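Novice: This structure is in structure tokens; I'll ask about it shortly.
Where a number appears in this text, it was derived from the coordinates with a stated rule and is not lab data. All values derive from a computational prediction rather than experimental measurement. Positions of Cβ are generated from backbone atoms using ideal geometry, with glycine treated the same way; all protein chains shown enter the neighbour counts.
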Amino acid sequence: MSMQGEDFNCSRQNLHSVDHVYVDGGSQLINSIALQKSQEQYCTLESSATTGYTVQHSPSTQSLSPNSGSPVFQQDCQSDHTYGSPVSGSCITEDPNDLKHKLRELENAMLGPDLDIIDCSESSFQGHLPMEPERLRQIIEIPRGDLKQVLIACARAMADNDIFMAELLMGEVKQMVSVSGEPLERLGAYLYEGLVARLSSSGSSIYKALKCKEPASAELLSYMHILYEVCPYFKFGYMSANGAIAEALKGESRVHIIDFQIAMGTQWVTLIQALAARPGGPPHVRITGIDDPVSEYARGGGLHIVGQRLARLAETCRVPFEFRAAALSGTEVELEHLGVRPGEALAVNFAYQLHHMPDESVSTRNHRDRILRMVKSLSPKVVTLVEQESNTNTAPFLPRFIETLDYYTAIFESIDVKLPRDHKERINVEQHCLARDIVNIIACEGAERVERQELLGKWRSRFTMAGFTPYPLSPLVNATIKTLLENYCEHYRLQEIDGALYLGWKNRALVVSCAWR
């Protein structure tokens, strides 16, 4: 989960000029339609008898071009006239008063007899290409009021590089989303931001800042803590990983834990407490915390804050403790940064972190597999993996968009159970802890897209190729998680498959936890 700017109504590149087209007798609005000018095809409606137009027919379009004579709008014009050629007198009206009638005939030919045109004046068509019938039929077939289908249709148009359709549909999406509405409406607001950023090729800058004021670190920590408490996703991951580590390090007198994204170090509070109660006394615990600038901002300071906090806790629990800071991103980590010592039992933790490392589809160095091979060379007792069960890494844009829509719909629904619509902090939680990830998945490509989740099947292949074998989670971990979920909504689901634990919402798996050695 990532942070997000405070206000999503940020300045962005404006869309082209908009027209409004009413359908079904004027009761429905399809707005934000961007029509491009053409040097060869354009339409200006003149009532003057001295200006004429030629109608060009093609299998899917009708276009108007200037020519000598009077306006031409008859739908039964001969189709064998070439663009710019004169047309027969049967296709020409000399009567300016007949203009509306001819427009109606053209409209019926293109749209069908049940659609009303809103404006027959010059200004409504000046300088615009006429709408193609096939595209209008696509618009009409989109279920009105079905936000999910409109979002998918918009993403499909963008995937097809159909900017005309994409901008038209984005105008409709904008009218249907709200950061204070139903779960899908709220998610739609952030998907819309991602689509706008992608269309304007500004995904990277919007992901980094959205040109908005960042919240103070104390506020951001508060939002993240709220999400931590209202949904079990983080607790599930931390508890399951800690259970595997405690099991693998049982009986060891000196343990070294390498955390590839330590953040505030929250995960290790319960483990230190558990090790303090171990029969025969606690081991000597050393934690190497790897960090990046994003976490540093969220904490409001460097890694020394984490070290001090955990050291105070360990002292209270009478656990011999040592903290080692490694202030760099995961992709920069080399063996010398880990400070491995002989005689220590090693555990390595990847909690919601490994998907941030670029793989072979992004970098020739393939940091994702490089890090796993490097960790395997250290012969750890256990390596824990907690990841979102989502497929957004190498998926093309449209499948990636649909996957993001499906995944985060479940997340937003689960938040809705604990944080009512009128909860004053809910919008901030979703904006600062979820929205930036969503925008990054939708708007960015290449190295700029750092949110690259994979399904467990793919992670299994990577770990196996690096030389790891599965380390099944113990039944005690499963039982502990079930007890945890009793404090949450009944729609959460826990399932164990081949030694891995899946946490889901209704029928959608959201987070998976597993261990390797």
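Novice: Going by how many other beta carbons lie within 10 Å of each one, how would you line up L510, L199, L476, L221, fewest first?
Specialist: Going from least to most buried by this count: L476, L221, L199, L510.
Novice: Along region 311-323, what does the Karplus equation 6.51 cos²θ - 1.76 cosθ + 1.60 (θ = phi - 60°) give for ³J(HN,Hα), rounded to whole Hz, x for Gly and Pro?
Specialist: Per-residue couplings from phi come out as 5, 5, 5, 4, 5, 4, 8, 6, 10, x, 9, 9, 10 Hz.
Novice: If we count every other residue with Cβ under 10 angstrom of A166's Cβ, Lys/Arg +1 and Asp/Glu -1, where does the sum land?
Specialist: Charge balance near A166 sits at -1.
Novice: Still on this structure: Would you mind checking which residues have amide H under 5 Å from E425's amide H? H placed 1.01 Å from N; only 5 or more apart, or other chain.
Specialist: Under 5 Å from the amide H of E425: no residue qualifies.
Novice: Restricting things to Cα coordinates, could you compute the convex hull volume per residue of region 320-359 in Å³?
Specialist: 108 Å³
Novice: Additional query: How much net charge surrounds I371 when only the other residues with a Cβ under 12 Å from the Cβ of I371 are counted, with Lys and Arg +1 and Asp and Glu -1?
Specialist: Once all neighbours under 12 Å are counted, the net charge is +2.
Novice: Can you give the net charge of the other residues whose Cβ lies under 10 Å from the Cβ of F323, counting K and R as +1 and D and E as -1?
Specialist: So the surrounding residues net to +2.
Novice: Amide H neighbours of G181 under 5 Å, counting only residues 5+ apart in sequence or on other chains, H built in-plane at 1.01 Å?
Specialist: Amide H neighbours of G181, under 5 Å, 5+ apart: R186.
Novice: Could you derive backbone 3J(HN,Hα) for region 270-284 from the dihedral phi with the Karplus parameters 6.51, -1.76 and 1.60 (θ = phi - 60°), listing whole Hz in sequence and x where the residue is Gly or Pro?
Specialist: Running phi through 6.51 cos²θ - 1.76 cosθ + 1.60 with θ = phi - 60° gives 5, 5, 4, 5, 5, 5, 5, 8, 5, x, x, x, x, x, 6 Hz.
Novice: ³J(HN,Hα) across region 423-428 via Karplus (A = 6.51, B = -1.76, C = 1.60, θ = phi - 60°), whole Hz, x for Gly/Pro?
Specialist: For region 423-428, the Karplus curve yields 5, 5, 9, 4, 4, 5 Hz.
Novice: Near the amide H of T288, under 5 Å away, which other amide H atoms are found, from residues 5 or more places off or on another chain, if H is placed in the peptide plane?
Specialist: I257, I258, D259, R324
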